[in-house]
Amino acid sequence: MLPVYPLKAFIYRFQPSHFTLDTEMFTPIPETIDRLSAELLTATALVPALAVAGATLATTGLAWGALSYAALWPTSQIFGPTLIAPNKPGELALTYDDGPNPDWTPQLLDILARQNIRATFFLIGSYAARNPALVRQISAAGHTIGNHSWHHPNLALTPAARVRNELVRTKATLEATIGKEIRFFRPPFGARRPEVLRIARSLGLTPVTWNAMTSDWSNPDAESIACKLIAKIEMNQQKGMASNIVLHDGSHIDPTANRGPSITATKRIISQFKKSHQFVTLDTWV
Ligand SMILES: [Zn+2]
């Protein structure tokens with residue numbers, strides 16, 4: 001049995017859609033290694049050369065597992081610090097990725113305005129360029145706007161020059177549109193490597209990941225999205241942490257994708273926590 005699971009997980013993570021980083025994705029690693037070790041014991045007794053090859057594969061598997069964790073796990077700080085959430089269990093930051101989206105973002109803005117809540121929007125630069133009035137509307141409503149790259153590539157696998165171009169072009173477009181400095185950057189898919197974070201910081205951007213996300217981009221059930229996020233928020237609270245919550249008001253693959261469930265889940269989360277928690281933008285956490 002070859003230790004291919006970490007590699008599969010790593011590749012799967014880079015498919016063109018977000019997915020939830022659940023711990024189950026990584027738990028097979030020790031099992032795989034255990035199985036490999038047992039097989040190696042047998043092999044060692046028979047063919048020492050096979051044991052050497054197996055050990056190399058085990059090392060490769062561990063390396064892939066470690067690399068996947070460092071590059072993709074939202075709370076990993078191995079490749080450098082990212083802003084997640086402070087030790088403020090009474091605070092929640094609603095963040096929205098992959099907009100602006102003319103079909104869904106205005107509805108979201110209405111809900112947030114009615115509740116007097118400010119959120120953080122990580123915009124795709126190419127979408128922002130097509131919808132400057134909507135970008136200005138988000139900013140004028142008091143929300144924080146962040147950089148989510150120009151084309152939403154997997155930056156962990158993107159050459160440094162293009163990473164810089166993705167971030168510079170998006171930052172310049174957003175700043176020219178709203179007349180304010182852009183200070184936050186969320187890597188698409190959460191995928192990063194040390195150089196990506198270094199480039200972001202060199203541009204004055206604080207890299208941001210998260211600690212509460214579910215697959216709202218593929219789940220048509222608003223109640224399920226809300227329940228899963230509420231459970232994660234409560235878990236963070238038990239740990240004494242605020243929650244940095246990811247939802248999507250757009251899609252980097254299909255701009256016509258239905259984001260109704262994410263919008264409805266937003267209403268449910270606000271109603272659940274409005275009286276007990278303070279909803280904040282990421283500006284208050286730096
Ligand atoms: Zn995204």
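Below are the figures for this structure:
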{"quantity": "Extension gain from ARG136 to ALA160, taking 0.36 nm per residue of separation minus the Cα-Cα distance", "calculated": "5.6 nm"}
{"quantity": "GluC sites (Glu not before Pro) lying in DSSP loop within region 166-236, provided at most 12 other Cβ fall within 10 Å", "calculated": "GLU181"}
{"quantity": "Signed unit charges on C-beta, dipole axis of region 91-285, positive-most listed residue GLY204, THR214, ALA156", "calculated": "GLY204"}
{"quantity": "Shape of region 51-147, Cα gyration tensor, a/c cut at 1.5", "calculated": "prolate"}
{"quantity": "Qualifying lysines (Cα of each under 26 Å from Cα of LYS228; at least 8 residues distant if same chain)", "calculated": "LYS8, LYS88, LYS239, LYS267, LYS274, LYS275"}
{"quantity": "When the convex hull of its Cα atoms is projected in every direction, mean area for region 91-285 (nm²)", "calculated": "10.0"}
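Every read-out reported here was derived from the displayed coordinates using simple, explicitly stated rules and does not represent laboratory data. Computed from a predicted structure; not experimentally measured. Neighbour counts run over all protein chains shown; Cβ positions are idealised from the backbone, glycine included.
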